[in-house]
Amino acid sequence: MSKISIGRRTWRLYFIVTIVILSLYSFFEPQVNDNVSYYVDTLQNNAKIKQNIYLQNSLSSLRVTPLNRVPVSPLEVIPDYDRDVKIKRSSFFNYIFNRNYFKDFQDLDIDLKCDFYLKNLYEINQDWTNDFDSVSYLTDDVNENEMLENLKKKMGSQLVDKDALTLFRRKNDITLAYQRLRIYDRCFIQNNVDINKIFNKDLEIDNKEGKFQNNFHQPNPKLEYSNQFEFEHRMFPFLKYFNENNFTEMIPHFKGPDGKDIVKGKIPIIDPTDGSLIHSDDYNYDITKTFWSNWNILSSKVGKRGIILSFSDGQTETALRLISTLRFMGNRLPIQIIFKNDISDKSIEQVFYVATNKNYKPFNDQVNWEHKNDVKQNVYFVDIENLLDPKYKDKFSRFKNKWLASNFNMFEEFLFIDTDAITYIDPNDYFELQEYKESGTVFFRDRTWPKQWGDEAKCSSLMSLLPPRILESKYFNNYPLFDVDYIKETPSTRLSIEEKIYKRYFENGRIHQMESGVFAINKNKHIISILTGTILNIDHVTESCGYGDKEFFWFGFMISGHKYRFYNTTVGVIGNYDPIHKSDVQEVGEICSVQISHFTHDNKLMWINGGSNNCKFGGFSDKDWDKKELKRLGKSFSSKDEFKNFYHIKPISSNYGMISGDGYSSWRKIDQLCGGYYYCVRYERRLADADFKDGTELGELVIFDDQDRLRIDYTNTVWAYFDHKALEKEMNPDKN
């Protein structure tokens, strides 16, 4: 063999070895710049570093990524991951042996995406939290000097400056909290990813399946410093800390329709046909699923559909009126009353008496209607106090108790009814509306009232920060619900009702859009949307963006990216019609009422909010007797006693209904009557004239047929004539 031949073989061997080494190097090549960025980022948030002089001195010599470019979300790491994959995929070694060896992030299975997100979440910021008292909106709501001083106390003055404060605020940006909620939804609610595997199992490296590579973007295979239950508490800080061993302590305390306690830790199984209690059962927590996935399973096991109520002792009388009307109407859906141990035994006893006692009649001699019913109501009290972290319990007060009912009720699908609302259709019919069938929701509109924002003008800019952004859309398919530019540029007449409401709130500054006295939601489908609305409403920064709880329901759906539907009719009133002007060619009139009325598409009365008394607040008959505005009620009074009876005892009239126009001139308010709760709807009709001007009509005057009027009047009579004092005497005859 010649020397030349040996030399050629040696050269070939050298070439092959070199190529293999270079390919392997490209396969395992660390990303230096990214390592440094994360390294310095971690150093600045580690209090132990301030005691290491040598390490502090070495920091000044490092070339690092500017702080405003340091990733604060796992989504910001993904482009680097894809870049690394592209390099490895194009390597000579991979090109020769397996051209499909590596996958881009968006091509990975959802379980791998979720694993990547959660593990990098902790790598980037081990102190992350969704506690809204600890987050920043990156706006002027934060006192930087005060925050800087707090950081110095926590971390030491050596590493804290304005840049560190900027990084701290970016890491605790509220937009990241809502991003985490949507990722939680995508991973664990919609796709049932095994959460226990993420927190407790080592990754099985399988490059052919696109699993993560051994570089910086693959964090430790186990989350050593956390567990799935600690993760749940960080995600939802208002939940009391729990684990699979003590979950039975989180199960609400139930009272069944017979008024008896269900054994603590057990759940009622409700008959879907009539709402009665079949038996009670155990529930074992599934550690492969998240808390809210378990809660959905638990809810489906308890009951398919039902009505939920929320009230405290102060609203017991109105709750009893509502239950009386439901009994009178023949409702057969079960009712859950969700509370946090703030309803007295006396109130609970009265509810069960009105709901089930055979001696109680929901109607008196004045109700002589052939279609009247007397169907006992199956009521369950659900005490959820043991679910709440004590720190947060007081944040759910007044209107905000509605969120506890919406989140923690034990139905798969629920219909919420305010205690002073009255429904004139079968409660089950709300679930059959087309809007509900299309989206799993049905919301109702508020008055087209011209009130604009005052201090709440910040809400438009705040809310614009919270929907999904481009990286989340690209990698997790979470998209903004609305095309904001399209809504801005398109006339309202060409927008959907949901887009129109968005435009009126965010573009025109009209704060009253949703009326939340009645609404239906598929909870199992939309639990994250409800939770998102909850957090918005109890957050001290955003709670002023709506009156009470109303707007926050559709806000929650908008920010979580879930489709929702409004029932597309304008609202109105019922009562006595006051014709202000009438001629052969023109008619102008109005109806004034404290109630807001909701009509079906064919002008049937669906429900009202505000009870059925002409003034639901006591004591105003004396104050309003001499006021000239009384003539606007379409009725005259011969005496003060007659007026008092009209105001506080007799039900509202169903002589007419009036559906408002969709403009802001359709409504006016009478501040002088019933504490300012009287609103009037204007009706105007003009016939075409001899000058060929087209006829016009503002609003719509509705005349109910005889059967509709009887149904409305008798239902209102049951509500209005309910006598709480007489009930107490009936229940306790020995005390009389």
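The values are calculated or read from the model by the stated rules, or taken from the named source; none is laboratory data. Being a predicted model, the structure only gives us computed values, none of them experimental. Glycine also receives a Cβ, built like all others from the backbone with ideal geometry; neighbour counts cover every protein chain displayed. Only protein heavy atoms, including side chains, enter the accessible area calculation; ligands, DNA and RNA are left aside. Shrake-Rupley method; radii C 1.70, N 1.55, O 1.52, S 1.80 Å.
Go through (1) open to solvent by less than 40 Å² (accessible area, probe 1.4 Å); (2) in a helix (DSSP H, G or I) and name the single condition Leu466 misses.
(2)
Pairs only if they're at least six apart or on different chains, beta carbon under 7 angstrom, first in the stretch 709-733 and more than 30 Å from Leu605 (Cβ to Cβ), second outside any helix (DSSP H, G or I); list them, first residue then second.
The qualifying pairs are Lys729/Asn736.
Give the residues of the stretch 635-656 that are in a loop (DSSP other than H, G, I, E, B) and within 42 Å of the chain's Cα centre (by Cα), sorted by residue number.
Correct list: Ile649, Lys650, Ile652, Ser653, Ser654, Asn655.
State whether the residues of the stretch 702-710 include one that is out of contact with any helix residue (DSSP H, G or I) (no Cβ under 8 Å at 6 or more places or on another chain), open to solvent by less than 50 Å² (accessible area, probe 1.4 Å) and under 27 Å from Tyr577 (Cβ atoms).
For the stretch 702-710, residues out of contact with any helix residue (DSSP H, G or I) (no Cβ under 8 Å at 6 or more places or on another chain), open to solvent by less than 50 Å² (accessible area, probe 1.4 Å) and under 27 Å from Tyr577 (Cβ atoms): present.
Go through the stretch 716-729 and give me each residue that's in contact with a helix residue (DSSP H, G or I) (Cβ under 8 Å, 6 or more places away or on another chain) and modelled with pLDDT under 90.
Residues satisfying the conditions are His724, Leu727, Glu728, Lys729.
Filter the stretch 546-557 down to the residues that are in contact with a Lys or Arg (Cβ under 8 Å, 6 or more places away or on another chain) and at pLDDT below 90 and list them by number.
Matches in the stretch 546-557: Gly548, Asp549.
(1) more than 18 Å from Cys592 (Cβ to Cβ); (2) at pLDDT 90 or above: which one isn't true of Glu697, the others all being true?
Checking Glu697 against (1) more than 18 Å from Cys592 (Cβ to Cβ); (2) at pLDDT 90 or above, the one that fails is (2).
Which of the following residues is surrounded by 15 or more Cβ atoms within 10 Å (Cβ to Cβ) and at pLDDT below 75: Val64, Val70?
It is Val64.
For the stretch 535-561, give me each residue that is under 20 Å from Ile189 (Cα atoms) and either touching a Gly at 6+ places or on another chain (Cβ under 7 Å) or surrounded by fewer than 21 Cβ atoms within 10 Å (Cβ to Cβ) (or both).
Correct list: Phe553, Phe555, Gly556.
Hey, any hits in the stretch 664-677 for a residue that's at pLDDT 90 or above, out of contact with any Phe, Trp or Tyr (no Cβ under 8 Å at 6 or more places or on another chain), farther than 29 Å from Gln350 by Cβ and open to solvent by less than 50 Å² (accessible area, probe 1.4 Å)?
Checked against the condition, which is being at pLDDT 90 or above, out of contact with any Phe, Trp or Tyr (no Cβ under 8 Å at 6 or more places or on another chain), farther than 29 Å from Gln350 by Cβ and open to solvent by less than 50 Å² (accessible area, probe 1.4 Å), the stretch 664-677 yields no hits at all.
Can you name every residue in the stretch 302-335 that is open to solvent by 10 Å² or more (accessible area, probe 1.4 Å) and more than 14 Å from Glu413 (Cβ to Cβ)?
Result: Ser310, Phe311, Ser312, Asp313, Gly314, Gln315, Glu317, Thr318, Arg321, Met329, Gly330, Arg332.
Mind listing just one residue for me: the one in the stretch 576-615 that is within 14 Å of Tyr647 (Cα to Cα) and either outside the structural domain of Lys644 (by the TED database) or in contact with a Gly (Cβ under 6 Å, 6 or more places away or on another chain) (or both) and, of those, most open to solvent (accessible area, probe 1.4 Å)?
Asn576
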